[in-house]
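The values are calculated or read from the model by the stated rules, or taken from the named source; none is laboratory data. Note that the structure is predicted; figures quoted are calculated from it, not measured. Remember, those area values only see protein heavy atoms, side chains included, never the ligands or the DNA or RNA. Shrake-Rupley method; radii C 1.70, N 1.55, O 1.52, S 1.80 Å.
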Amino acid sequence: LVGVAAGVAGAEVAQRLTEDSGEGETVVAVTPLDPLPTWLATGDATVVRLADGDRELRVDLNVTTAPSRDPGFREVWLVDRGVTKFVSLGVLAGGTGSFVIPAALDLADYPVVDISLEPYDGQPAHSGDSIARGILPT
């Protein structure tokens, strides 16, 4: 059953990779966002090439159950495979958002999409409290 679901999901991703929205946008990559321990969340992240050539990361995240933690905000990151280098793309207000990917950022070097819970502490570094992650195909 898991293999069938993975096959269907893979076919859907392959189809979405070649879609053109008709507005000059092309889907470049898609990844499901999987919850990290203690979180119940679902969603996906999509990289879109815009008509002007810029890239945008579109995040759709639904957190159904969150552990008891101090209030904070959700931040979107691109991370290297070793999970040692983090680039913040911005704050995810609500469950959906679009974020410009810097032109010089190579997604092959930063393929991990990470959504974190960040405390209101004035520290720009990742809190270490990830809600969900996915790896973009490169």
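Side notes on the structure shown:
- In a fully extended conformation the segment linking Lys85 and Glu23 would gain 19.0 nm over its present Cα-Cα distance, using 0.36 nm per residue.
- For region 28-138, the convex hull drawn through the C-alpha positions has a volume of 99 cubic angstrom per residue.
- One decimal place: the segment Ile135-Asp52 gains 27.4 nm when fully extended, by the rule 0.36 nm per residue minus the C-alpha distance.
- Element breakdown for region 69-138 at a 1.4 angstrom probe: carbon and sulfur atoms account for 54% of the accessible area.
- Each Cα pair under 8 Å and six or more residues apart adds its separation to the average, and for region 64-138 the resulting relative contact order is 33 percent.
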